[in-house]
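Before any comments, here is the structure.
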Amino acid sequence: MNVLIVDDEKEMRHLISIMLHQEHIQTYQASGGQEAYDILDRQPIDLILLDVMMPDEDGFEVCQKIRKNSDIPIIFLTAKDANADKVRGLRLGGDDYMVKPFTASELIARIQAVLRRYQPQQDVTHTQIIQRGNICLDEIARRVTVEGREIPLTLKEFDLLHLFMKQPNIVYTRDQLLEKIWSLDYDGGTRTVDTHIKTLRLKLGKEYSRLIQTVWGIGYRFEEQR
């Protein structure tokens, strides 16, 4: 596994590298956005640990640029624990948000949890394609097409749509979606669910966004196309 650590503090990059090397994880280090982009162009990276507070481009800006071309999992690392910052990071395409300081065991657990959601389960009995009307979801390749056109989704957006399409017409509460999609104890509140639903609807387009219905006072459901 290759992990890219993006942090302007050399000591922090070194400390995280030691934590990951103990788990036999290969690391690459960047002190800012431009170094990170250069490494991403040259090396196969499986996950990015991205500091928020950096002098030139902050982590949110770097995340936005990476998301234009890549769906690599991103975990934000920051000293800021304000809920608004967490929501912003997740809204921009982050997959998790860790507040410094943290332990090596917590960091490894978070990385493993994110990668479990990212990597397809190699099971011959596992359904590969889910087709609901003109929406096609490939579970193994983690690709979604609408009327044959591929729709780029973040990890959480894909997982939400996957859950909905596997169980159409089932109503999920926001708390249930947090538990199923975010897995670990997430303290950012249910607002992040609404944010991800909103962006997912936008990407599906006006006609198909209506399939993800709001059940007022409860949560959401996916209405199967007939």
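The values are calculated or read from the model by the stated rules, or taken from the named source; none is laboratory data. Worth saying up front: this structure is predicted, and the values here are computed from it rather than measured. Here the Cβ is made from the backbone with ideal geometry for all residues, glycine too, and neighbour counts use every protein chain on show. With ligands, DNA and RNA removed, areas are computed over all heavy atoms of the protein, side chains included. Shrake-Rupley method; radii C 1.70, N 1.55, O 1.52, S 1.80 Å.
Among Arg191, Arg201, Arg110, the residue with the largest mean-square fluctuation in a Gaussian network model of the chain, with springs joining Cα atoms closer than 10 Å, is Arg191. The accessible surface of the chain, taken with every protein chain in place and a 1.4 Å probe, is 46 percent carbon and sulfur. Taking each residue as 0.36 nm, the span from Ala104 to Glu35 lengthens on full extension beyond its C-alpha to C-alpha distance by 22.4 nm. In a simple Cβ point-charge model (Lys, Arg +1; Asp, Glu -1; nothing else charged), the range 1-91 has a dipole of about 320 debye relative to its Cα centre. About the centre of its Cα atoms, the chain shows a dipole size close to 1020 debye [charges on the beta carbon of Lys, Arg (+1) and Asp, Glu (-1) only; nearest 20 debye]. Cα extents for the chain along the principal axes, largest to smallest and rounded to whole angstrom: 57, 37, 30.
Over all Cα atoms in the range 1-92, the spread is summed up by Rg and Dmax: 12.4, 35 Å.
The C-alpha radius of gyration of the range 56-96, expressed as a fraction of 2.2 N^0.38 Å, stands at 1.08. Label point of Arg143 set 7 angstrom out along Cα-Cβ; within the range 52-86, amide nitrogens under 18 Å from it belong to 69-72. Placing +1 on the Cβ of each Lys and Arg and -1 on the Cβ of each Asp and Glu in the chain, which of Ile212, Ile197, Leu153 has its Cα farthest towards the positive end of the resulting dipole? Value computed over the given set: Ile212. Across the chain, C-alpha contacts under 8 Å between residues 6 or more apart give a mean separation that, scaled by the residue count, equals a relative contact order of 14 percent. Take the Cα radius of gyration of the range 33-163 and divide it by 2.2 N^0.38 Å, N being the number of residues; the result is 1.15. Once the 1.4 Å probe is applied to the protein heavy atoms, the chain comes out at 52 Å² accessible per residue. Volume of the convex hull of the range 28-82 (Cα atoms only), normalised per residue: 83 Å³.
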